[in-house]
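Novice: The structure follows.
The values are calculated or read from the model by the stated rules, or taken from the named source; none is laboratory data. What you see is a predicted model; the values in this text were computed from it and never measured. Cβ placement follows ideal geometry from the backbone for every residue including glycine, while neighbour counts extend to all protein chains displayed.
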């Protein structure tokens, strides 16, 4: 079985690319970055929030500290598929992620019906505390996209992901029912994310400068929430 990293502390820098920028970036990175062993994957998420969407509303206000609770699978799951229960915190630009791996059915039982899973460790106790802390925390949105993850050939700790086809739904919040939903962005765009533990390599910064690729603040959950709110799907 693959080794699963359960605790992260890193910087995550996001960029929005046009199709042309994406094409040119891939050409520039030839020989430097390579797809990791998973290749192209459909990422399936359930975000948990209160009835009033408290977590995402507070996150959009860009506080120094914010947190999200989600469950993620790689591909459309069945009851025994591996699922990641993740508590993602961000403090002053640094991302801290705590996650535990459970079978999808067991993860749903824990997060929705509060049934204690077979694994019960410090990470799940922290997540259980969050479930108690926010009154009425429940599945609020399912969100999907296609992701290709890359790693630097010389330094695999330098990682990059490119996401496309982002879509969401507010009902039928069971990932096993399929990865369908409404598009989040109106035009074709790619979301690039650089994941680093130290500073950005100079060669990569120079590529971004040449291609006029600039960092931006972007949340898929936040963008989907805003679109649903404007469309009158959230009151």
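Novice: In this structure, does residue 41 turn out to be in contact with a strand residue (DSSP E or B) (Cβ under 6 Å, 6 or more places away or on another chain) and over 22 Å from residue 201 (Cβ atoms)? Don't jump to the end; show me each part of the working.
Specialist: On the way: in contact with a strand residue (DSSP E or B) (Cβ under 6 Å, 6 or more places away or on another chain): yes; over 22 Å from residue 201 (Cβ atoms): yes.
Answer is yes for this residue.
Novice: Any residue at all in the stretch 7-19 that's under 20 Å from residue 129 (Cα atoms), in contact with a strand residue (DSSP E or B) (Cβ under 9 Å, 6 or more places away or on another chain), touching a residue at least 60 places away in the same chain (Cβ under 8 Å) and surrounded by 15 or more Cβ atoms within 10 Å (Cβ to Cβ)? Don't jump to the end; show me each part of the working.
Specialist: Just the residues of the stretch 7-19 that are under 20 Å from residue 129 (Cα atoms), to begin with: 7-8.
Applying the additional criterion that residues be in contact with a strand residue (DSSP E or B) (Cβ under 9 Å, 6 or more places away or on another chain) yields 7-8.
Checking the rest, the ones that are also touching a residue at least 60 places away in the same chain (Cβ under 8 Å) come to 7-8.
Within this subset, residues satisfying the condition of being surrounded by 15 or more Cβ atoms within 10 Å (Cβ to Cβ) are 8.
Yes, that holds for at least one residue.
Novice: Within the stretch 1-33, work out how many residues are farther than 21 Å from residue 100 by Cα and either assigned to a strand (DSSP E or B) or at pLDDT below 85 (or both). Lay out the reasoning, then the answer.
Specialist: Restricting attention to the stretch 1-33, the residues satisfying the condition of being farther than 21 Å from residue 100 by Cα are 13-33.
Now narrow it down to the ones that are either assigned to a strand (DSSP E or B) or at pLDDT below 85 (or both): 13-17, 33.
Of the residues in the stretch 1-33, 6 are farther than 21 Å from residue 100 by Cα and either assigned to a strand (DSSP E or B) or at pLDDT below 85 (or both).
Novice: Taking residue 201, is it buried (at least 16 other Cβ atoms within 10 Å of the Cβ), more than 25 Å from residue 111 (Cβ to Cβ) and modelled with pLDDT under 95?
Specialist: Values: buried (at least 16 other Cβ atoms within 10 Å of the Cβ): yes; more than 25 Å from residue 111 (Cβ to Cβ): yes; modelled with pLDDT under 95: yes.
Against the criterion (buried (at least 16 other Cβ atoms within 10 Å of the Cβ), more than 25 Å from residue 111 (Cβ to Cβ) and modelled with pLDDT under 95), residue 201 qualifies.
Novice: Also, I was wondering about something else. Does residue 60 satisfy the condition of being under 25 Å from residue 197 (Cα atoms), touching a helix residue (DSSP H, G or I) at 6+ places or on another chain (Cβ under 8 Å) and surrounded by fewer than 19 Cβ atoms within 10 Å (Cβ to Cβ)?
Specialist: On the way: under 25 Å from residue 197 (Cα atoms): yes; touching a helix residue (DSSP H, G or I) at 6+ places or on another chain (Cβ under 8 Å): yes; surrounded by fewer than 19 Cβ atoms within 10 Å (Cβ to Cβ): yes.
So residue 60 passes the test.
Novice: Sticking with this structure for a sec: Sort through 31, 75, 93 and tell me the only one that's in contact (Cβ under 8 Å) with a residue 40 or more places away in the chain, touching a strand residue (DSSP E or B) at 6+ places or on another chain (Cβ under 8 Å) and on the phi > 0 side of the Ramachandran plot. It would help to see each step written out before you state the result.
Specialist: On the way: 31 fails: touching a strand residue (DSSP E or B) at 6+ places or on another chain (Cβ under 8 Å); 75 fails: in contact (Cβ under 8 Å) with a residue 40 or more places away in the chain.
So the residue among 31, 75, 93 that is in contact (Cβ under 8 Å) with a residue 40 or more places away in the chain, touching a strand residue (DSSP E or B) at 6+ places or on another chain (Cβ under 8 Å) and on the phi > 0 side of the Ramachandran plot is 93.
Novice: Moving on to the next point. Could you list all residues from the stretch 219-235 that are surrounded by 13 or more Cβ atoms within 10 Å (Cβ to Cβ) and in a loop (DSSP other than H, G, I, E, B)? So that I can check it myself, show each step before the final result.
Specialist: Kept after step one, since they are surrounded by 13 or more Cβ atoms within 10 Å (Cβ to Cβ), are these residues of the stretch 219-235: 219-229, 233-234.
Once the filter is applied, which keeps residues that are surrounded by 13 or more Cβ atoms within 10 Å (Cβ to Cβ) and in a loop (DSSP other than H, G, I, E, B), the stretch 219-235 yields 219, 233, 234.
Novice: If you check 29, 25, which single one turns out to be in contact with a helix residue (DSSP H, G or I) (Cβ under 7 Å, 6 or more places away or on another chain), crowded, with 16+ Cβ neighbours inside 10 Å and more than 30 Å from residue 131 (Cβ to Cβ)? Write out each step before concluding.
Specialist: On the way: 29 fails: in contact with a helix residue (DSSP H, G or I) (Cβ under 7 Å, 6 or more places away or on another chain).
The conditions single out 25.
Novice: I want to confirm something. Restricting to the stretch 208-218 and keeping residues that are on the phi < 0 side of the Ramachandran plot and surrounded by fewer than 16 Cβ atoms within 10 Å (Cβ to Cβ), which single residue is modelled with the lowest pLDDT? If you could, list the steps in order and put the result at the bottom.
Specialist: Here is the first cut: in the stretch 208-218, the residues on the phi < 0 side of the Ramachandran plot are 208-211, 213-218.
Imposing the further condition that a residue be surrounded by fewer than 16 Cβ atoms within 10 Å (Cβ to Cβ) reduces the set to 209-210, 214-218.
Working: 209: 97, 210: 97, 214: 97, 215: 95, 216: 94, 217: 90, 218: 93.
The extreme case among them is 217.
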